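Read through the structure below, which is laid out as structure tokens, and then see the notes.
Values quoted throughout were computed directly from the atomic coordinates according to the rules given, and no laboratory measurement underlies them. What you are looking at is a predicted structure, and each value in this text was computed from that prediction instead of being measured. Backbone-built Cβ (ideal geometry, glycine too); neighbour counts: all protein chains shown.
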Amino acid sequence: MVWAAPFAERTPFPEDNPLYAGSLPAAIGPLSEKLSGHDLILVVGAPVFRYYPYVAGKYLPSGARLLHVTDDPNMSSKAPVGDSMVSDSRLFLQSILPLINQKGGGNSLPIKASVPPAASEELPLTPDAVFEILRPLCPEEFVLVEESPSNVADLQRRFKIGKPDTFYTFASGGLGWDMPAAVGLALSERESGRKRPVVAIIGDGSFQYSVQSIYTGVQQGAHVIFVVLRNGEYGILKEFAVLEETPNVPGLDLPGLDIVSLGKGYGANSTYAGTRDEITLAFKNALAFSGTSVIEIPITKKLNKLLG
């Protein structure tokens, strides 16, 4: 089985591969539980591990050993458990593959549960419903950028990344990187001649960190589509408050934001879309438009579990 490390900023393994088992949870106890039943854990090119909320537990399941392969001595020194080898990841894999004996029969692959349809007619839409609508509308070749932390699980279910250099996000929860990165990626697509559109999924809170990126995208003629999910709250911190049993944290509501007006103020092709038909039309128009677009989509305030 192959898991992605917590908060992976790139796609480390094809998510449409039958061996892919999903992303590991970003907490000590749940991560260890996810790896239970295995006696050897190999971490290649990723830290051991990025944790977010503190949930107590063993770093590794009983009886398991961990080997960490990294080209970053600093990351090796920070690993709280296991043995580390400072090495180029590609060279390590090329060297070790001929030494691995293929396991015959009885090798059970991860069970790939089918993704159920979303309740896409109930308004406001769930993030899952929005992604269910958007995914079939995307062209075969596009770049996905994500900074909507409270909706990552839904996004990963609907957008399976199977090609390299098609997905980018922030690492370790740092907000504000993805909007300027999306503009830069769009400019790179134009300069390289690939001309893939860049689709940036942004939460309404994350949108405020680097909103001026829209102006750069407009002025540079970058083909980037900012899909802004507006729930009027800082969802990820509310989910954190539920986990930590600290209700009623002040300052986590974001009422009165007018995403469309903000986008128009910077010169972007900006649209409000609240229904399936409106989202479909707005996204198709944004794909056909060669510049920068902003699509504001209201979503439900229902919170997800922080650790899935």
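A helix-only calculation puts the chain at -8500 deg cm²/dmol for mean residue ellipticity at 222 nm, using -39500 (n - 2.57) for each DSSP H run of at least four residues, averaged over all residues.
When the listed pairs Lys58/Lys78; Lys34/Lys58; Lys238/Lys301; Lys238/Lys305; Lys195/Lys284; Lys163/Lys302 are checked against a 20 Å cut-off, the alpha-carbon distance exceeds it for Lys163/Lys302. Per the Cα gyration tensor, segment 210-286 maps to an equivalent ellipsoid with semi-axes of 30, 16, 11 Å, ordered largest to smallest.
Normalised by the number of residues in the chain, the average gap of Cα pairs under 8 Å and 6 or more apart makes the relative contact order 16 percent. Largest first, the extents of the alpha carbon coordinates of the chain on the three principal axes equal 57, 50, 39 Å. If you wrap the Cα atoms of segment 52-186 in a convex hull and average its projected area over all directions, you get 13.2 nm². In the chain, the longest principal axis of the Cα atoms and the axis of helix 178-192 are about 90 degrees apart. Over the C-alpha trace of segment 1-55, radius of gyration and Dmax come out as 11.0, 31 angstrom. Across the alpha-carbon set of segment 127-298, the Rg to Rh ratio works out to 0.95, Rh being the Kirkwood radius. The Stokes-Einstein estimate for segment 2-99, based on a Kirkwood radius over Cα pairs and taken at 37 °C with 0.692 mPa s viscosity, is a diffusion coefficient of 233 µm²/s.
Sparsely packed loop sites in segment 234-308 (the trypsin sites (Lys or Arg not before Pro) outside DSSP H, G, I, E and B with at most 13 other Cβ atoms within 10 Å) comprise Lys301, Lys302, Lys305.
The angle separating the long axis of helix 127-137 from the principal Cα axis of greatest extent in the chain is about 80 degrees. Among the chymotrypsin sites (Phe, Trp or Tyr not before Pro) found in segment 1-110, those both in a DSSP coil and sparsely packed, with 15 or fewer other Cβ atoms within 10 Å of their Cβ, are Tyr54. Considering only alpha-carbon pairs that sit under 8 angstrom and 6 or more positions apart, the relative contact order computed for segment 2-99 is 23 percent. Cross-link partners of Lys264 among aspartates and glutamates, defined as those whose alpha carbon lies under 17 angstrom from its own and excluding same-chain residues fewer than eight positions apart: Asp204, Glu296. Restricting segment 201-308 to GluC sites (Glu not before Pro) that sit in a DSSP loop and have at most 15 other Cβ atoms within 10 Å of their own Cβ leaves Glu244, Glu245.
Ellipsoid semi-axes for segment 169-218, based on the Cα gyration tensor and the rule √(5λ), read 20, 12, 8 Å when sorted largest first. From least to most packed, judged by other beta carbons within 10 angstrom and beginning with the fewest, Asp39, Asp128 follow the order Asp39, Asp128. Across segment 127-298, the relative contact order, built from alpha-carbon pairs under 8 Å that are at least six residues apart, equals 23 percent.
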